[in-house]
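A short write-up of the structure that comes next.
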């Protein structure tokens, strides 16, 4: 459940933050959420990757769909891509990686700041 | 462990951000570009217009309404002129902000800042030509006049209000791809169009090329290959026009006023394919009894288009037409009383003066047997991804020294100062504002007084059925051949002294023939006009075709003038092809050659898009021209080839002198040999073209007219293979990269005028807008749109989108 909430929160932050801050602020947002909400490193990364990736996929896909790929086709050609769908994949991947690694960093930060509680990951290792 | 994990993860995150937020050479930051919030996705538009319907502008005095019609042309309705121009600035920026920024950079020599070192040569030339100084001078002059200052400031504020309303995601796509941000617009930038147009239209000259040629081959051959027209061949001003005034006497031709130089390379010039047509018919020729005016400036076909259309209304003004984005006025257009249009008038507006410095410090130069101080200007050019470049430019009283030891000067031997009329303070802006508001010919002529260039054949018509042609501007009075070659900068007698008075200008008001026209040809019959008129290049074909047609046409309707604008008759072919065909050795033709020949034999000389014959003719004549003047290609100094008209006259009269020899062969070819050789080569190169392209060679396919984006590497923003006929020197002047950049026909009905127009592009400059380039195909097909004005005024059903601008509370 916590994992789902985390994905959800990271999705929201990945959606909202870039309206006011640079595009990479989604890494900060995801990191902050993982700093507050406990979870394994693996979980943190995945929550960010899924939350950020899904939102960026949704946004780029909707724009592309409602505009009939009017601009993405032209940008794809400029980048020597055969199909504009690759740009949606790339946006998704960037959104996912940024939020994922941001979240992972936040998770590690949390475990440094709260040494008394051992995270599961650490326990296993 | 957790520390290592943290640092590793932090490092990866930080590296990803850095990498994806960093430009690589010409690749923009990829994370930013692909971000759905700030990247290119935000430039994808579903609807043609995305402005807010209600906008508050802080400087606005009263409410303004803007109605966009189905072509996205804004119809601006303001209660005072300042609000009007502020809104024009706002909506123009909405459609064309990046293009405006680009033009300002072109004029200021600041392109390298955003595109990198490849533009350095271009920026240096622009600064050496003094485009920035011209713009500053023009700006300072206008800002002294409260009326113009208020318009320029209002327009500037409008542009800035639009820029201020943008977030990163809203920036036009070009800013994102080139990775820079729009900077504040300024009143100086609002004045940039004059320098831009002057550099495009009044910088055509060949003084250096002529000096080189004459030095190497002598005056006699020069005069054969580069003759001056006598003005009898369909000039702009009809030949029966009297000039009954006492001319100002021309300066005495000095004994020696030129210098002998050999310059290896000369600066790039305006494209010779920049030309235009305009014509007007009066009430006697017109079916409805109303004058009709038509204009079409032929320029490089670019995306976004050089023109932006708008309709400006205030209690003081009601004008519609096109202007250069970034400029608060209508350049070509009409109001409810008059209409006007322009074609370039080739006149020698540039002379080069050879300057002698006292020593290598270049602090003093020789003039009138004395040493005078020079002025030194350091121009710093900022270059993307490279160190700044500082260019030292020396100025003398003639003007800036363009050719010197740092720039195209044959090892520092030559210093050439540029005297260009466009360097003098221009008042052309004022002229245009007068045209916009003129109610009749007298008020129009009052505006002409301010017109200081670039020289244009300005056509006029009004609702009373009058038509007129004027060539206003600043023209020095010259002795014959003054400024055809490089002049001696130390000799006061080689300089310009006085200018042709305004009252002595070339003018024609109405004419018994019922029409007036111009197409960049020689302006006047030399024997009639007392002043020396010169340029190195004139049109000889479009003018004759237009006049031939207008003489025979009667009961003219607007549609007839539209067909004339789209006329594909190839005058060159009609004059030279029969001669070329007669010289062919037809007995020895093989099958391919026979087919090629037959097509030409049965051709009626129209460059229609679906025909093959125009392809055959253009191929053959191009190869012939290249082979004929191959001698010029071997010359190591700057030189021009003779123009098409002179060439075809020499061919037809069989007086090619020694040039018919092909240098690559040991034989001495005759003209007939050359014509046959060019024919065979044309057939071979057509076969080659067919095997490479694998499609039929109809003229449109072979020519492949293109509208290309201003940034050449943005290839997917271009339109290729546009199916249109015509070519250079044809009324429908669509060649591969040039053509009619705005076609306008206006019927001057006093009950409300009827206006039609089209241009190869779209009001929106955004490649992500569904209407990007939507007028290109209709333009190519010769279609026109009703412009919503006068009888065709904008009705509620025609309004695509409406916005209200109100003063901020």
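The values are calculated or read from the model by the stated rules, or taken from the named source; none is laboratory data. None of these values were measured; they are calculated from a predicted model. Glycine gets a Cβ as well: all are built from the backbone with ideal geometry, and neighbour counts include every protein chain shown.
Matching residues to (1) at pLDDT 95 or above; (2) surrounded by fewer than 20 Cβ atoms within 10 Å (Cβ to Cβ):
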site	(1), (2)
A:19	no, yes
A:39	no, no
A:57	yes, yes
A:60	yes, no
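Of the listed requirements (1) closer than 22 Å to residue B:767 by Cα; (2) outside any helix (DSSP H, G or I), residue B:169 misses just one: (2).
Yes or no: residue B:459 out of contact with any helix residue (DSSP H, G or I) (no Cβ under 7 Å at 6 or more places or on another chain) and crowded, with 23+ Cβ neighbours inside 10 Å? Against the criterion (out of contact with any helix residue (DSSP H, G or I) (no Cβ under 7 Å at 6 or more places or on another chain) and crowded, with 23+ Cβ neighbours inside 10 Å), residue B:459 qualifies.
Return a yes/no flag: does region B:517-539 have any residue that is within 22 Å of the chain's Cα centre (by Cα) and in a helix (DSSP H, G or I). The answer is no, given that none of the residues of region B:517-539 is within 22 Å of the chain's Cα centre (by Cα) and in a helix (DSSP H, G or I).
Check whether at least one residue in region B:175-182 is over 30 Å from residue B:419 (Cβ atoms), within 14 Å of chain A (Cβ to nearest Cβ) and without any contact (Cβ under 8 Å) to a residue 40 or more places away in the chain, and report yes or no. Within region B:175-182, one or more residues are over 30 Å from residue B:419 (Cβ atoms), within 14 Å of chain A (Cβ to nearest Cβ) and without any contact (Cβ under 8 Å) to a residue 40 or more places away in the chain. In region B:425-434, the count of residues that are assigned by TED's automatic domain parsing to the domain that holds residue B:460, closer than 30 Å to residue B:114 by Cβ, surrounded by fewer than 19 Cβ atoms within 10 Å (Cβ to Cβ) and in contact (Cβ under 8 Å) with a residue 40 or more places away in the chain is one or more. All of (1) free of Cβ contacts under 8 Å to residues at least 24 places away in the same chain; (2) buried (at least 20 other Cβ atoms within 10 Å of the Cβ); (3) facing chain B (nearest Cβ under 8 Å) hold for residue A:66 with one exception: (2). Scoring residue B:751 on the criteria (1) free of Cβ contacts under 8 Å to residues at least 24 places away in the same chain; (2) away from chain A (no Cβ under 14 Å); (3) outside any helix (DSSP H, G or I); (4) out of contact with any strand residue (DSSP E or B) (no Cβ under 9 Å at 6 or more places or on another chain) leaves a single failure, condition (1). Can you pull out every residue in region A:13-56 that is more than 9 Å from chain B (Cβ to nearest Cβ), in contact (Cβ under 8 Å) with a residue 24 or more places away in the chain and over 18 Å from residue A:105 (Cβ atoms)? Hit for region A:13-56 is A:54, nothing else. Look at residue B:141 and say whether it is at pLDDT 95 or above, more than 30 Å from residue B:352 (Cβ to Cβ) and assigned to a helix (DSSP H, G or I). No.
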